[in-house]
1. Once you place label points 7 Å from the Cα toward the Cβ at ASN96 and GLU154, how far apart are they in nm?
2. Tell me the angle of helix 161-171 to the major Cα principal axis of the chain, expressed in degrees between 0 and 90 and rounded to the nearest ten.
3. Just want the ordering: ILE85, ILE28, ILE37, from fewest to most Cβ atoms lying within 10 Å of their own Cβ.
4. In a Gaussian network model over the chain where Cα atoms closer than 10 Å are linked, find which of MET140, MET39, MET259 has the largest mean-square fluctuation.
5. Counting alpha carbon pairs within less than 8 Å and at least 6 residues apart, what relative contact order, in whole percent, applies to the chain?
6. I need the calculated FRET efficiency for the pair ASP111 and ASN375, taking r as the beta carbon distance and R₀ as 30 Å, to the nearest 0.05.
7. Could you tell me the distance between the Cα centroids of segment 237-260 and segment 353-400, to the nearest Å?
8. Could you work out [θ]222 nm for the chain from helices alone, using -39500 (n - 2.57) per DSSP H run of at least four and dividing by all its residues? Round to the nearest 500 deg cm²/dmol.
Amino acid sequence: MTLKCTLLTTVVGLGLSAGIASAETITIATVNNGDMIRMQGLTSAFNEAHPDITVEWVTLEENVLRQNVTTDISTGGGAYDVMTIGTYEVPIWGNNGWLVSLNDGMADDWDAADLLPAISGGLTVDGELYAAPFYGESSMVMYRMDLMEKAGLEMPDAPTWTFIREAAAAMTDRDNEINGICARGKAGWGENMAFLTAMSNSFGARWFDADWKAQFDSEAWANTLNFYLGMMNESGPNGAANNGFNENLTLFQQGKCGMWIDATVAASFVTGADSTVADKVGFALAPDNGLGPRGNWLWAWSLAIPTSSEKQDAAKAFVSWATSKAYTELVAGNEGWANVPPGTRTSLYENEEYLAAAPFAAMTLQSINSADPINPTVDPVPYTGVQFVAIPEFAGIANQVGQQFSSALAGQQTAEQALAAAQELTVEEMEAAGY
């Protein structure tokens, strides 16, 4: 959908000056996640500081957003002045000269030094920050404390995959539509493959060996996929192959998931006003297998300005506003501290009001800091990235692999068939790319 906000009011707020000489319209492409929808609803505050900038929104489902902005920026289309992109795209696009550096031109009080190093490091190339994090995340276990207790179990702070599968089976109650486990099944490099790649790290798997040879024919990948399919078939929801972040969020909020392993940013939504189980939710680290890595990822949805934009000053004004400490305070004043965008600034995790309001804050920060994009796997790899491989070819390959694994979850092929197809297509694509 496209939302247009044209708001002309007096200059007040958020400590950011107007500074744009004439009226301009900027177009912002973003994802249909709750925090971004909230940002759109608060755009009037931006226009109070910048009455000479009109904002047009293009809000899209995650996979569609990625396709649209990738096509636009790679062709220099110029359709968007601000793009919502992630930790995978930023260093690649920055290296290609497709993004505007944010090292200067941001608001005086924006405070780049306050950004969490784990988050800003993934958005920086050769000392140039190419995107401003709107929210940062890892992944963790969100679970129903009441159902865990009913099953006679106690969730450890750092569970194993074996415990998670056993607990999922114990909490499943098909008669009452309670699924013991919810996890991503929808095909996409940022959907099911984000979950499965992070999971595979904890099983000792990797996408490529040190010589860039595909590893889907390895025992570790067979163990990963067979465990995932077995757990989801035993205890997951019907139609899980169609479920991504938003679908599983809805299921959890409706009380239909005993556990949900997904982005830490979801914590404020499962404990918020729209959740029927808000007072029953506990949190734990993503599972491991005792091999070192946990099954958690590292990500930031960030705002970046393509070099094709002809309105870069206005775009920087918006990015400065939307990713500022003042914006955080604006959300807190309107929605409460528990609902502010998490995972980007050190100062947030030193704020006693936030820590008191957000029972998930400490687990979120621990999860973010424990993810290691430089050494994500048990065995050495030639790439960086936890739930992705930081090469341009990854997105296209992982979309295809994700389709194979989603098909296996839907019962359309076996794990062995899906892995064989994944191996074949990955080898073919990598050879074509010259690896």
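None of the figures in this text is laboratory data; all of them are computed from the coordinates on show. Here the structure is a predicted model, which is why all the values come from computation and not from measurement. All Cβ positions, even for glycine, are placed from backbone atoms using ideal geometry, and neighbour counts span all protein chains on display.
1. The two pseudo-label positions are separated by 5.2 nm.
2. So the helix axis and the longest Cα principal axis differ by about 80 degrees.
3. ILE37, ILE28, ILE85
4. Highest fluctuation of the listed residues: MET39.
5. Taking the mean separation of contacting Cα pairs over the length of the chain, I get 23 percent.
6. 0.50
7. When both Cα centres are located, 22 Å separates them.
8. -11500 deg cm²/dmol
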